[in-house]
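Colleague: I'd like to ask you about the structure that follows.
The values are calculated or read from the model by the stated rules, or taken from the named source; none is laboratory data. Just so you know, these numbers come straight off a predicted model, no measurement behind them. Virtual Cβ from ideal backbone geometry, glycine too; neighbours counted across all protein chains shown. For the accessible areas, the whole protein counts, side chains as well, though only heavy atoms, and no ligand, DNA or RNA atoms are used. Shrake-Rupley method; radii C 1.70, N 1.55, O 1.52, S 1.80 Å.
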There are 2 protein chains.
Amino acid sequence: MLLRARVLYPFQSENATAISIEKDEELLVFDEHPVQGWMLGENSRGERGLFPASYVEVIGAPLESEPTECVLRSAASPDFPSACHTPAQDQQSCDDTQDYWDDWDDWDDSLSVEQDGQPGNISWANGCGSQSPYNSPAVSYCAKLDSEGHSSLSVSHKSSTVAKNLNRFSSFVRSGVEAFILGDVPMMAKIAEFYTIETGRRGPQWKENPHPFTCTIEDPTKQTKFKGIKTFISYRVTPSHTGHPVYRRYKHFDWLYNRLLQKFTIICLPHLPEKQATGRFEEDFIEKRQRQLTLWMDHISSHPVLSQYEGFKHFLLCTDHRQWKLGKRLAERDTLVGAHFMLTLRIPDELQELRDVEEQVDTFKAYVRKMDDSVMQLSQVATDLAHKHVGTFCKDFQRLGSAFWSVGHAFTMDPLHGSATLNSAIAHTGRTYEIIGEMFAEQPKRDLFLMLDKLLLYQGLLANFKDMIHQQKGAFAKVKESQRMSSEGRLEQEKTDGMLKRCLTLCFVLQAEMDHFRKRRAESFREMMQTYLREQLSFYRSVVVQLENTLLMYDRL
Amino acid sequence: MLLRARVLYPFQSENATAISIEKDEELLVFDEHPVQGWMLGENSRGERGLFPASYVEVIGAPLESEPTECVLRSAASPDFPSACHTPAQDQQSCDDTQDYWDDWDDWDDSLSVEQDGQPGNISWANGCGSQSPYNSPAVSYCAKLDSEGHSSLSVSHKSSTVAKNLNRFSSFVRSGVEAFILGDVPMMAKIAEFYTIETGRRGPQWKENPHPFTCTIEDPTKQTKFKGIKTFISYRVTPSHTGHPVYRRYKHFDWLYNRLLQKFTIICLPHLPEKQATGRFEEDFIEKRQRQLTLWMDHISSHPVLSQYEGFKHFLLCTDHRQWKLGKRLAERDTLVGAHFMLTLRIPDELQELRDVEEQVDTFKAYVRKMDDSVMQLSQVATDLAHKHVGTFCKDFQRLGSAFWSVGHAFTMDPLHGSATLNSAIAHTGRTYEIIGEMFAEQPKRDLFLMLDKLLLYQGLLANFKDMIHQQKGAFAKVKESQRMSSEGRLEQEKTDGMLKRCLTLCFVLQAEMDHFRKRRAESFREMMQTYLREQLSFYRSVVVQLENTLLMYDRL
């Protein structure tokens, strides 16, 4: 509820998120419940921000004019701002208020979007797509239903009698796989997207993106808005096919991630780099986030399905603020998400034996577990080693350096009889080991951190595969149950055939995903190991050069 | 007291130092007081060694024939076996018994020799000196007194009245410096040795050894005697001027050290490597002792006075067992030791101002303190670093190696789709880091240990200099006291002049020692630093080669 309050004691703001208030001034309070002693509101000069709750006295409801209800709702439930249905102008004001809460929570802009579930015949604004190289009519939201051949993926009437799972939170259920298998996902009137799996040399694989591209994420820059009240980091994102940069914040990545999560429940999606509570503007953190976002983006861009997602294109191409809002809402209203996405799949005609696929999946499952263990092990060792580089290694070599220096210095106290050249060579050796200590401390930025970022990405992918295998096993079980029921005459053969067909569709997806993972893995680990070894080599070579130069000083004696 | 004992319970010896005993057998017991439950004695078969005290019952004194009293005395006070005046045959038996106690104490043969203080007109056996290049008549024990010029170093009648120090344990007193300064050291009838100090470019210095040489200490070999009852390490010591090796045990070094300590109380003598209670036959310990003995020997051989000591020549040249015993006793009966050694000094005619020397000594004192601090600091850092090399560094890199290997291994579990070349490259990387870990563990043997040995030697030398400066300050104080007394008419001018002259002699010795120390220090630290850096370079270069070879495996992919 929006309230009025009177200021009891003056308060002088000393940072960007708080506002100054004068004694006896009247304020608007956006939420009567203080958080950690602070309230959010607007002072008589129209400045919005935080102030100490104990400095004011709430005196009642406000005049009915402004701010809009949007502010109230978004302030009360900051996780769901899209529930706000106001015109663009209000939406802007709503988003701005959201920013306060972002800072309040000290998160870098979290945005999880609620899906309203209303199918709609909406098209992407031309302004956003104008630079797009994707002009295939198949991937346009406004194309009419392609009705050839693939309607059997869905059934038009509910009549399955195979039991549903009790655990509604299992990924089997949440992903929509159960609903899809059981035939509970009705064919929609309008399907404009299709994703194709074909048979490659090594088995099922996604049809490649006909216009492959990569992305760079560069130049993280601290920016402010609202007269410095709001500070954030902006990254320059440049897709290789356009060469035109767009500027995105973490919250935009987070928005995209949530779109992808919702739509592609059966595709292995790398985790977005974690939110960070504190130190968001520290150099090391910004570097780390940039590296991690780059790896994340590499993975999305390389994926034949994810890279062609309209929401992703919007993210990569849109430069206009108003178009951004429109495209954002379009993506949020996409109905071909989760179980419905499975209706868009085109699979090879080839018939696979369920038993063969099960065997493949079991082998892969054992591999995933083993790889997960060893990635975890390497990750722990590398973390530990990185700490030691910055800590004990650095300190040990610097202590050695300082001890050498001290010996060199002691010699100068016997000046008449010492060799100045020797003394300075020893002191120089001291400096050399101090430098080597610093080099040890700096080194993880060049090798271990990169390795750790990649291992983190893979830990996420492997966790996803565990879920996907679980989903697939659930599908197998349902099919077997239906076959048993059918053999007992309790289920029509037609329905059993439908379930088998849908299960095979899912098999193809998992196989295509395994294929993509394997291709990426080989490239990814080769590159990771090479980079690590090259950086290590360069490090030890630098140490050698340092020592060589130092040794030369003694040869002159 | 030598006793008889009867065996109550049989005991079967299972090592070289113990003897087997039969029930009811009669034994000779060399000491009635057991040490840690063991007694030393001889069984009825003539075997000597240890047996459990509780297994026997002492029954009384033995027959009066054998063993000789020597056994008794040396057993009772193993530190002073030379007090035994028996013919060579008995001396042998005495030494053998001594060996039991060496093992008993688990020391590598400690031998401190009591000085009997009897001046004697004895000469070195020809057999020992036959290979000696030192044929100068000046340095022969049997030469008659050279009476030219230097008798003023001593006074022939006791008449000083300057007070003696109360603390009889201060090095000022122990070294004989006080007695010398006060003129309490009578000129001896026969002085055959002279040590000369001359004025060099940088001040007073010892006249160089006209026949400089170096020594190698090599090939430490485990040897046994008395049918394996006694085990020890023998070193091959080869002086450069003869090229003929002699074989010496730690106890011989210790004997030499104690001779030097006793004779050259005003000369800076490096500490002998420490005795070791356990693990004397472990490879690492033997290597360490060899390195430390080599450094010790380098220092003695390089010193113009120490290197010309007859006892040292005997140590380096004597190869005959009987001659060894004779020469050993000669050295032990040397009377020109401690305060008397100071009578052998020949100093330049030049007159030094006491004040100037005092100033030099003060500057040197400040330097010694500072250098002692920094050597200590470097020593601690290096010790710590050596531990880390063997411990955490080794472990960290091996853990990294093992984690890489594990990732490579995980990949082989997805065989159809993995690249065997990549998998083996990753596994090879694992092996590389395991090797690097081993290299880290081995490295201290090549650099840090050598550095630590040298620092230890210098810690000893610096501690000696602290003592020597203390002695010199004591001498200054005595001279000042005498001058005051003389000015008050309480002391004859002649005595004051004598004390001043003797004090100046000591000044020259300290200055010559400082000079020698400085020359050695420059060379020694240059060499230490160079060796350390060279070994470090070679280490890091090996790491680079390991990494280069490993990286090549990825380039082939």
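Colleague: Looking for whichever is assigned to a helix (DSSP H, G or I), under 23 Å from the mean Cα position of the chain (by Cα) and over 30 Å from A:Gly391 (Cβ atoms) here; the options are A:Met485, A:Met468, A:Met528. Which one fits?
Modeller: After applying the criteria, what remains is A:Met468.
Colleague: Still on this structure: Could you check, for segment A:399-413, whether at least one of its residues is within 14 Å of another protein chain (Cβ to nearest Cβ) and among the charged types (D, E, K, R)?
Modeller: yes
Colleague: Which one is farthest from the other protein chains (Cβ to nearest Cβ), of the residues in segment A:430-446 that are surrounded by 21 or more Cβ atoms within 10 Å (Cβ to Cβ) and touching a residue at least 60 places away in the same chain (Cβ under 8 Å)?
Modeller: Residue satisfying both the conditions and the ranking: A:Gln443.
Colleague: A follow-up question, please. Limited to segment B:457-482, what total is found for residues that are under 15 Å from B:Ile181 (Cβ atoms), of a type outside the set (A, V, I, L, M, F, W, C) and open to solvent by 20 Å² or more (accessible area, probe 1.4 Å)?
Modeller: 4
Table: residues versus (1) touching a Ser or Thr at 6+ places or on another chain (Cβ under 6 Å); (2) at pLDDT 95 or above.
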{"position": "A:Thr221", "(1), (2)": "yes, no"}
{"position": "A:Lys227", "(1), (2)": "no, no"}
{"position": "A:Ile233", "(1), (2)": "no, no"}
{"position": "A:Leu256", "(1), (2)": "no, yes"}
{"position": "A:Ala277", "(1), (2)": "no, no"}
{"position": "A:Phe312", "(1), (2)": "no, yes"}
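Colleague: Still on this structure, please answer the following. When the residues of segment A:3-23 are filtered to those that are open to solvent by 20 Å² or more (accessible area, probe 1.4 Å) and touching a Pro at 6+ places or on another chain (Cβ under 9 Å), which remaining residue is nearest to A:Ala61 (Cα to Cα)? Before you say what the answer is, go through the steps one by one.
Modeller: Keep residues of segment A:3-23 that are open to solvent by 20 Å² or more (accessible area, probe 1.4 Å), which gives A:4, A:6, A:8-17, A:20, A:22-23.
Now drop any that are not touching a Pro at 6+ places or on another chain (Cβ under 9 Å), which leaves A:4, A:9, A:11, A:20, A:22-23.
On the way: A:Arg4: 6, A:Tyr9: 21, A:Phe11: 23, A:Ser20: 22, A:Glu22: 20, A:Lys23: 20 Å.
For segment A:3-23, the residue satisfying everything is A:Arg4.
Colleague: Determine if segment B:447-461 includes at least one residue that is aromatic (Phe, Trp, Tyr), in contact (Cβ under 8 Å) with a residue 40 or more places away in the chain and at the interface with chain A (Cβ under 9 Å from one of its Cβ atoms).
Modeller: At the first step, the residues of segment B:447-461 found to be aromatic (Phe, Trp, Tyr) are B:449, B:458.
Imposing the further condition that a residue be in contact (Cβ under 8 Å) with a residue 40 or more places away in the chain reduces the set to B:449, B:458.
Filter once more, keeping what is at the interface with chain A (Cβ under 9 Å from one of its Cβ atoms): none.
Looking through segment B:447-461, none of the residues is aromatic (Phe, Trp, Tyr), in contact (Cβ under 8 Å) with a residue 40 or more places away in the chain and at the interface with chain A (Cβ under 9 Å from one of its Cβ atoms).
Colleague: Within segment B:6-28, restricting attention to residues that are touching a Phe, Trp or Tyr at 6+ places or on another chain (Cβ under 9 Å) and of a type in the set (A, V, I, L, M), which residue is modelled with the lowest pLDDT?
Modeller: B:Ala16
Colleague: So the check is Cβ under 7 Å with 6+ separation or different chains; which pairs have a first residue in segment A:346-373 that's at the interface with another protein chain (Cβ under 9 Å from one of its Cβ atoms) and a second one that's surrounded by fewer than 16 Cβ atoms within 10 Å (Cβ to Cβ)?
Modeller: Final answer for the pair search is A:Val368/A:Lys466.
Colleague: Further question: Please find, among B:Met529, B:Met485, the residue that is of a type in the set (A, V, I, L, M), more than 21 Å from B:Thr344 (Cβ to Cβ) and open to solvent by 10 Å² or more (accessible area, probe 1.4 Å).
Modeller: Working: B:Met529 fails: open to solvent by 10 Å² or more (accessible area, probe 1.4 Å).
Going through B:Met529, B:Met485 in turn, the sole match is B:Met485.
Colleague: Starting from segment A:187-207, keep only residues that are basic (Lys, Arg), then list their pairs with residues that are crowded, with 16+ Cβ neighbours inside 10 Å whose Cβ atoms are within a distance under 6 Å, requiring at least 6 positions of separation or different chains.
Modeller: Listed by first residue and then by second, the contacts come to A:Lys207/A:Thr196.
Colleague: Could you run through segment A:177-192 and say how many residues are of a type in the set (Val, Ile, Thr) and in a helix (DSSP H, G or I)?
Modeller: Result for segment A:177-192: 2.
Colleague: Would you mind stating whether B:Lys388 is more than 9 Å from chain A (Cβ to nearest Cβ), part of a helix (DSSP H, G or I), touching a helix residue (DSSP H, G or I) at 6+ places or on another chain (Cβ under 8 Å) and open to solvent by 10 Å² or more (accessible area, probe 1.4 Å)?
Modeller: no
Colleague: For residues in segment A:320-343 being farther than 26 Å from A:Arg502 by Cβ and of a type in the set (Asp, Glu), which is most open to solvent (accessible area, probe 1.4 Å)?
Modeller: It comes out as A:Asp320.
Colleague: If you don't mind, there's one more thing I want to ask. Just checking, which of A:Leu547, A:Leu551, A:Leu537, A:Leu533 is touching a Lys or Arg at 6+ places or on another chain (Cβ under 7 Å) and within 14 Å of chain B (Cβ to nearest Cβ)?
Modeller: A:Leu551
Colleague: From A:Ala403, A:Ala427, A:Ala420, which residue is within 28 Å of B:Met376 (Cβ to Cβ) and open to solvent by 50 Å² or more (accessible area, probe 1.4 Å)?
Modeller: On inspection, the qualifying residue turns out to be A:Ala420.
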